[in-house]
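Reading through the structure tokens given below for one structure.
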Amino acid sequence: MKSSHQVLLDVQLVSQQYALPKPSLFAKAGHIQALKDVSFQLTAGKSMGIVGESGSGKSTLARLVMALEKPTQGKVFFDGKDLNALPQDQLRLARSDFQMVFQDPYGSLDPRQKVLSIVTEPLHSTLSSGSGQLLSTQDLKDRATFALTEVGLRASDLDKYPHEFSGGQRQRIAIARALITRPSLIVADEPVSALDVSVQAQVLNLMMDLQDRFALSYLFVSHDLAVINLMCDDVIVLQHGQVVEAGSADEIFQRPQHPYTQALLAAIPGLSQ
Amino acid sequence: MTPSNTTPLLSVRNLRVGLQTSHGQLEALRGVDFEMQRGDTLGLIGESGCGKSLTALAIMGLLPERATVSGSIALNGTDLTQLSDEALCTLRGTRMAMIFQEPMTALNPLHPIWKQIAEPLQLHQGMDLVAAKARALELLERVQLPRARERLDNYPHQLSGGQRQRVMISIALACQPDILIADEPTTALDVTVQKEVLALIRQLVTEDGMGLLLISHDLGLMRDQVERVMVMYGGAVVESAPIKALFGMRAHPYTQGLFAARPKLGLKRGTRLQTIAGNVPEIFNWPQGCAFADRCAYVQDNCRQTVPQLELVPDKADVIEDKVADKPKRVDAHWVRCPEWQQLEASA
């Protein structure tokens, strides 16, 4: 657990460019600027929301924070370490401290693996490689059982396959998989947008409970402003890969300054009355 | 039956649909009733698997093979369930049209968009290619596609999501249908684009005096778009009310749960949301009686045995006299399929 007021995640002026396919053999390849000079800091135990429309760079930013891609420019410091400067094996170890939950609980769980191997997979890559210590089968099972009960599932679910679960339960499995390494940060990319309203509320409550219990930080990507408002202390608003507004959630949702943020808020259906 | 002033545009009576599943033939719609007139806007709301889309597909005659239908679906007095495929095909596209959720999969990637708009015009109205292309341009201009003339020859992949949905709308409107069914038309779109597309649908529906059947899981969206809404759960309509009445008072425990579970802007950070216990049951696990029985806090023994009857919720101001029939107009009333609603209201 990190002490409070400590900067857990420090994103410094990151930019990301992707090359476009060449229009013809001799033409120069174009680029897409997915992110431009994005900076923010996330304090341990707090949550940061990333808001924007599709193509604004939300998911690219999430991938950079997860060190799944290297930024073209800028640096990502996690717990004081420059993720892009770490050698591969150390990065692998460091990964146990930041985990990810994806949008689609149908696509993010391997249909051919049992819940036990799905949930314990992060342990294999982060524990066994570096220190050489392998967890015994019983240890793995105990940890998986603990993680499953934390998210409101049962130990007997370990022997089942993903198709035996509903969407909400699958997302709980995905959260258990993220929790099992006891991370300080969970990056959640639209974690509830594929779920029904009644189930969405259960998963959001669960994520808030877990945050209180384990002093987790969330980097929460969503297009749903009401969800961000509920889950996050601070918010950054992205448009065309650039931060157009940043601040505390209360400030941004009550007194949006940038026209784009205002437009986003005005477009929420059902608020006209 | 002859169409007259009193014949509703669309009348659905005790619609039941059975589907072939890996668990055998199961009833996925368990008696849906409603009526629409021209110019009416009706919303169907509910969670996945509750039968919203199935209702739409049944009306359009697009149910999967081996589905069984009972009850009646009358469009201008003609029972669609009794029509041959051929006869139904001439109605589809001309008298009723549908917009789907994902415009990329609903459009054909191999044809330029003007051809796809021209297809129903050639098929149903016998237009030649030149006339159909000219009409396609008019339609694209009507749905406010920017630079419509240049875009006639574009393929779907060259357009954005919102633009594709505009093309879908222009196809649906090509033959000026009486009823437009929109199944989650903006779920795949960004909020600002969603706002524009919904405004467009509303404008076109008003201009043409069509009936609009809008399917969505988004309560806020319904509030802006429709006059009346039906809440579906487990293949049945559990509550049906004018949208204003529903936002004023929810009678069914499921509707209450649905409203309470929705995160609202302005909630204090970390506020726990009210939840509905359990999960939406799979179709093969639907209880015999009320589909919500297993998740309901107010459940009675009877609820598990038999499907509750619809009960009228007397809304103070909303009993509007129908001038023609000289009786309270049924479609303006607030109905709930729960015997416990009065106790619920008292405890609230």
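The values are calculated or read from the model by the stated rules, or taken from the named source; none is laboratory data. Source: prediction; values computed, not measured. In this analysis, Cβ positions are derived from the backbone assuming ideal geometry, glycine residues included, and neighbour counts consider all displayed protein chains.
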Report task. Using the structure shown, decide if B:THR192 is within 14 Å of the chain's Cα centre (by Cα) and not acidic (Asp, Glu). Result -> no
Query raised in the report: Which one of these does B:ARG272 not meet: (1) in a loop (DSSP other than H, G, I, E, B); (2) modelled with pLDDT of 90 or more; (3) surrounded by 14 or more Cβ atoms within 10 Å (Cβ to Cβ)?
Result: (3)
Requested in this report: Please work out if B:ALA87 is within 20 Å of B:ALA97 (Cα to Cα), of a type outside the set (Ser, Thr, Tyr) and either part of a loop (DSSP other than H, G, I, E, B) or more than 14 Å from every other protein chain (Cβ to nearest Cβ) (or both).
Outcome: yes
**Report entry** Pairs, first touching a residue at least 40 places away in the same chain (Cβ under 8 Å) in segment A:106-126, second exposed (fewer than 13 other Cβ atoms within 10 Å of the Cβ) and not in a helix (DSSP H, G or I), C-beta under 7 Å, six or more apart
**Finding:** A:ILE118/A:ASP110
Report task. List the number of the failed condition for B:ASP294; all other conditions in (1) closer than 23 Å to B:LEU26 by Cβ; (2) within 14 Å of chain A (Cβ to nearest Cβ); (3) surrounded by 23 or more Cβ atoms within 10 Å (Cβ to Cβ) hold. Result -> (3)
Query raised in the report: Across segment B:116-151, what is the total count of residues that are part of a loop (DSSP other than H, G, I, E, B) and either on the phi < 0 side of the Ramachandran plot or under 29 Å from the mean Cα position of the chain (by Cα) (or both)?
Result: 6
Query raised in the report: Here are B:LEU204, B:LEU200, B:LEU213: which of them is buried (at least 23 other Cβ atoms within 10 Å of the Cβ) and either under 18 Å from B:LYS264 (Cβ atoms) or out of contact with any Asp or Glu (no Cβ under 7 Å at 6 or more places or on another chain) (or both)?
Result: B:LEU213
Query raised in the report: When you look at B:GLY220, is it within 23 Å of B:PHE292 (Cβ to Cβ) and at pLDDT below 95, yes or no?
Result: yes
Requested in this report: Considering every residue within segment A:184-195, establish whether at least one is within 11 Å of chain B (Cβ to nearest Cβ), more than 15 Å from the chain's Cα centre (by Cα) and over 16 Å from A:PHE102 (Cβ atoms).
Outcome: no
Query - A:SER54, sole failed condition from (1) surrounded by fewer than 17 Cβ atoms within 10 Å (Cβ to Cβ); (2) at positive phi; (3) within 14 Å of another protein chain (Cβ to nearest Cβ) - result: (2)
Query raised in the report: Does A:ASP104 meet the test of being more than 24 Å from A:TYR161 (Cβ to Cβ) and acidic (Asp, Glu)?
Result: no
Requested in this report: Can you confirm whether segment A:161-168 contains a residue that is at pLDDT below 90 and within 17 Å of A:LEU210 (Cα to Cα)?
Outcome: yes
Query - Failed item in (1) under 28 Å from A:GLN33 (Cβ atoms); (2) free of Cβ contacts under 8 Å to residues at least 40 places away in the same chain; (3) out of contact with any Lys or Arg (no Cβ under 7 Å at 6 or more places or on another chain); (4) within 11 Å of chain B (Cβ to nearest Cβ), with A:PRO256 passing the rest - result: (4)
Query raised in the report: Would you pick out the residues in segment B:220-240 that are closer than 21 Å to A:ALA267 by Cα and acidic (Asp, Glu)?
Result: B:ASP224, B:GLU227
Query raised in the report: Residues in segment B:48-68: is at least one loosely packed, with under 14 Cβ neighbours inside 10 Å, hydroxyl-bearing (Ser, Thr, Tyr) and assigned to a strand (DSSP E or B)?
Result: yes
